[in-house]
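Student: Got a structure for you, questions after.
The values are calculated or read from the model by the stated rules, or taken from the named source; none is laboratory data. Keep in mind the model is a prediction, meaning the values are calculated, not measured. All Cβ positions, even for glycine, are placed from backbone atoms using ideal geometry, and neighbour counts span all protein chains on display.
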Amino acid sequence: MDLIQGLAQVLTPVDLLTAPADLEPHLVDWRRRLRGDALAVALPRSTSQVAEVVRLCAQAGVAVVPQGGNTGLCGGATPESGDRPVVLNLRRMNRVRAVDPDNNTITVEAGCILQQVQRAAAQADRLFPLSLAAEGSCMIGGNLSTNAGGVHVLRYGNMRDLTLGLEVVLPDARVWDGLRGLRKDNAGYDLKQLFVGAEGTLGIITAAVLKLFPMPRASVTAWAGLPSPEAAVRLLSAAQQVLGARLTAFELIAELPLRLTLDLVEGTQAPLGSSHPWHVLLEATDAEDQDGLQERVLALLEAQLEAGHVADAAVAQSVAQARAFWHVREHIPEAQTRAGYSIKHDISVPISRIPEFLAAAGDALRRHIPDIRIVPFGHLGDGNLHYNITRPVDWADDAFARETPAINALVHDLVHGFHGSISAEHGLGQVKRDEAARYKTEVELDLMRAVKRALDPRNLMNPGKVLRLQ
């Protein structure tokens, strides 16, 4: 019996795709820059079906590529060209298995869309705080596999911090049930952390126990114009001092990404009446006392205005105005797409060194291409910037695309020199796999390969992603 026949005995006809037209959407990455091949797409509905698909693939020596919403930017869920794996898409596994308000946990399957989890938590008067632009389409399995971050990492942490337990199908088709909602468990190795951020190279996450938090009752959103990144870092330090754990988000935005968004995206409005070299969008939340929280934010901004660290500021006076501020921030990527070909970098450096990095990288890029457009924005509160580069106005997209290797090397070398990371929240996938290996020590690579060989000695779990096996 061949593999397809075996899969057909496990899955219903609508859950096993083999026709080229049905395969096509699963073979192309979200940015439509990568395209791979596949033998079939499996759409299991249960953990037992996932295990059976993995068992059959292992018997046949066929690789498995796990896939969720396929919204990643590094090709981690896209099969490579020339390969013939089985793409295992988890979108049918989309049940919220349990909500435990007293334990502040929610147990969900990997195919749940992030927004679905947020809503299920809200129905129990709880908050699941992971928030990012793709939350209406990305899935929890992908969030876990890339250790997703988003805008609220400053207060709540990334997916590593939000995860208490996992259920995982291992490469040998055994199921590890680690769905424990414990905040303290020192009984041996913390196995779940092997799989969070591993991009499906060590096993397939099928379900997770995630942390919930009390639903905030008060929220204040403000937009500030600043003269420099140094001023933004000082504002962050002051905000942490004044607001403490109430500070939920702190986004840094340069003038160019703001201007592109206002010019190219309908429905966006300038938050301030004048232009500034840099901007900060901050959000504070609290369990109660809206008036007290607003007074704290106003006092913070007034003190920073007097100190000269803030040039102008506006505090949202309504939910609609707060959403309008966030609408601008969330549509920067769309504006970049409309402005022309972009070379994107998801980097992190120590917060204290971000101003120095921005200056050094800007100087180096302008020496390379004088009229280059630098579009930096991102999560200053946790040191993660989307340091994106858009083609010069008079360049063709394909000409600028050819500069990608040189620009990546320039930016990533500087990031490494500042003791940073070339992937802060999007993973490595196939796009950054070899680039990351340039900056890791042999000891680090040896340890990663040892873990991979121990769990997946035949290299059948998402091969070619994260690292190469020698």
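Student: Can you tell me which residues in region 427-447 are modelled with pLDDT under 95 and under 14 Å from ALA198 (Cβ atoms)?
Tutor: Within region 427-447, GLY427, LEU428, GLY429, ARG433, ALA436 qualify.
Student: Suppose we filter VAL242, VAL233, VAL297 for residues that are surrounded by 14 or more Cβ atoms within 10 Å (Cβ to Cβ), hydrophobic (A, V, I, L, M, F, W, C) and within 15 Å of GLY378 (Cβ to Cβ); which single one remains?
Tutor: Of the residues listed, the single one that is surrounded by 14 or more Cβ atoms within 10 Å (Cβ to Cβ), hydrophobic (A, V, I, L, M, F, W, C) and within 15 Å of GLY378 (Cβ to Cβ) is VAL233.
Student: Take VAL50 and decide whether it is surrounded by 23 or more Cβ atoms within 10 Å (Cβ to Cβ), β-branched (Val, Ile, Thr), over 22 Å from PRO20 (Cα atoms) and not assigned by TED's automatic domain parsing to the domain that holds PRO129.
Tutor: The answer is yes for VAL50.
Student: Could you tell me which of the residues LEU428, LEU467 is crowded, with 21+ Cβ neighbours inside 10 Å and in contact with a helix residue (DSSP H, G or I) (Cβ under 6 Å, 6 or more places away or on another chain)?
Tutor: Result: LEU428 is the single residue among LEU428, LEU467 that is crowded, with 21+ Cβ neighbours inside 10 Å and in contact with a helix residue (DSSP H, G or I) (Cβ under 6 Å, 6 or more places away or on another chain).
Student: Give the residues of region 164-187 that are farther than 30 Å from GLU283 by Cβ, assigned to a strand (DSSP E or B) and within 24 Å of the chain's Cα centre (by Cα), sorted by residue number.
Tutor: Residues satisfying the conditions are GLU167, VAL168, VAL169, GLY178.
Student: Restricting to strands (runs of 3 or more DSSP E) lying wholly in region 59-163: which have 3 or more residues that are buried (at least 17 other Cβ atoms within 10 Å of the Cβ) and not aliphatic (A, V, I, L, M)?
Tutor: 105-109
Student: Something else: If ASP37 meets every condition in (1) in a helix (DSSP H, G or I); (2) touching a Pro at 6+ places or on another chain (Cβ under 9 Å) apart from one, which number is that one?
Tutor: (1)
Student: In region 119-166, which residues are in contact with a strand residue (DSSP E or B) (Cβ under 9 Å, 6 or more places away or on another chain), over 15 Å from PHE213 (Cα atoms) and charged (D, E, K, R)?
Tutor: Residue satisfying the conditions is GLU135 alone.
Student: Restricting to region 144-183, name every residue that is under 19 Å from THR47 (Cα atoms) and of a type in the set (D, E, K, R).
Tutor: GLU167, ASP172, ARG174, ASP177, ARG180
Student: Please tell me if LEU365 is in the same structural domain as HIS416 (by TED's automatic domain parsing), outside any loop (DSSP other than H, G, I, E, B) and closer than 25 Å to GLY75 by Cβ.
Tutor: Yes, satisfied.
Student: Give me a count of the residues in region 418-461 that are on the phi > 0 side of the Ramachandran plot and under 22 Å from the mean Cα position of the chain (by Cα).
Tutor: Residues that pass the stated criteria total 3.
Student: In addition: If you scan region 245-271, which residues turn out to be under 28 Å from ALA287 (Cα atoms) and surrounded by fewer than 20 Cβ atoms within 10 Å (Cβ to Cβ)?
Tutor: The one that is under 28 Å from ALA287 (Cα atoms) and surrounded by fewer than 20 Cβ atoms within 10 Å (Cβ to Cβ): ALA245.
Student: Residue pairs, Cβ under 6 Å, 6 or more apart or interchain, first in region 365-379 and farther than 16 Å from LEU410 by Cα, second assigned to a strand (DSSP E or B). List them.
Tutor: Qualifying pairs under 6 Å: PHE377/ILE253; PHE377/HIS386; GLY378/ASN384; GLY378/LEU385; GLY378/HIS386.
Student: Suppose we filter region 261-307 for residues that are on the phi > 0 side of the Ramachandran plot and small (Gly, Ala, Ser); how many remain?
Tutor: Kept after step one, since they are on the phi > 0 side of the Ramachandran plot, are these residues of region 261-307: 267, 289.
Subsequent filtering for residues that are small (Gly, Ala, Ser) retains 267.
Going through region 261-307 one residue at a time, the tally reaches 1.
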